[in-house]
Amino acid sequence: MIELRTSAEIDEMRPAGRFVASVLEATRDAAAVGVNLLELDELAHSMIRAAGAESCYIDYHPSFGGSPFGKVICTSVNDAALHGLPHNYRLRDGDVLSLDFAASVDGWVADSALTIVVGKAAPADSRLIKVTAEALEAGIAQAVVGNKMGDVSAAIGDVAHAAGLSVNLDFGGHGVGRIMHGDPHVANDGRRNRGLPLRAGLVFAIEPWFMLGTDEIYTDKDGWTLRSKDGSNAAHFEHTIAIAPDGPLVLTARSS
């Protein structure tokens, strides 16, 4: 069911958005050559405890997950495109690291993701990250009253295709509110002027993710991490946005 939020409810969601942004900033800044993925998870976990927030991930067990997730942040490295399960791995120079984090504060959820390179970046990886970030901004720009969801999806897909990237449609954005994943689905490619009419009060996450080569993925033996089928690197960006009468509000905007 798709729910429209009042302006008061959207204001109540802002603390969750600020918290999620702060955790991503902290884990991004802590990521360096030699840092263990489990250390990043513990940092996020400590911030959850200190804020009195609740993890959306630790007990999460959807049909596509092999078991309850068991950690509080997704750490996807290199060919890991989505849902990277933190494990005993120390980051190396040139690693592409995507961080995806969702949490609940006072009963409201926010969800966001970003990608960086640890150490020195290969030009192809830098370009992939830039294109994926630009696709997120293009999608957000179309999230206005009077447009349709297809306008958001088409804007994301156009950026990818212009860069020569293919788009996997198995996973995309989603409604956000009292739970992490709800309606509507936000595909990362589509046709303009199609789909759900966008109205003030809609709150959803927009999350483009692209791979340098294939658009095919497979599930790692850990039961969670989704990897590119050809081993090419991936990038992932996400913001939770609310549609207001005068434009989109980025609830998970970061200060840096």
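The values are calculated or read from the model by the stated rules, or taken from the named source; none is laboratory data. In this text the structure is predicted, and so the values were computed from the model without any measurement. Methodologically, a virtual Cβ is constructed for each residue, glycine included, from the backbone with ideal geometry; neighbour enumeration extends over all protein chains shown. Protein only, heavy atoms only, side chains kept; ligands, DNA and RNA dropped before computing areas. Shrake-Rupley method; radii C 1.70, N 1.55, O 1.52, S 1.80 Å.
Worth a mention:
- Arg194 vs. criteria open to solvent by 70 Å² or more (accessible area, probe 1.4 Å), within 14 Å of Thr240 (Cα to Cα), over 16 Å from the mean Cα position of the chain (by Cα) and of a type in the set (Lys, Arg): no
- Of all residues in segment 112-142, those satisfying the criterion of being of a type in the set (D, E, K, R) and open to solvent by 20 Å² or more (accessible area, probe 1.4 Å) are Lys120, Arg127, Lys130, Glu134, Glu137.
- Top-ranked residue in segment 7-53 [being touching an Asp or Glu at 6+ places or on another chain (Cβ under 9 Å) and open to solvent by 70 Å² or more (accessible area, probe 1.4 Å); ranked as farthest from Pro184 (Cα to Cα)]: Val33
- Any hit, segment 153-163, residues being open to solvent by 60 Å² or more (accessible area, probe 1.4 Å) and either among the polar types (S, T, N, Q) or under 16 Å from the mean Cα position of the chain (by Cα) (or both): no
- For Ala253, the requirement of being open to solvent by 50 Å² or more (accessible area, probe 1.4 Å), of a type in the set (Gly, Ala, Ser), closer than 29 Å to Ala16 by Cα and over 12 Å from the mean Cα position of the chain (by Cα) is met.
- Remark: pairs (first residue in segment 219-243, more than 16 Å from Gly172 (Cα to Cα) and in contact (Cβ under 8 Å) with a residue 24 or more places away in the chain; second residue basic (Lys, Arg) and surrounded by fewer than 24 Cβ atoms within 10 Å (Cβ to Cβ); Cβ separation under 7 Å; 6+ apart in sequence or on different chains) = Asp220/Arg227; Ala242/Arg5; Ile243/Arg199.
- Strands (runs of 3 or more DSSP E) wholly inside segment 62-171 that include at least 1 residues being over 24 Å from Ala30 (Cα atoms) and modelled with pLDDT of 95 or more: 108-117
- Inspection of segment 117-128 finds no residue satisfying the criterion of being touching an Asp or Glu at 6+ places or on another chain (Cβ under 7 Å) and among the polar types (S, T, N, Q).
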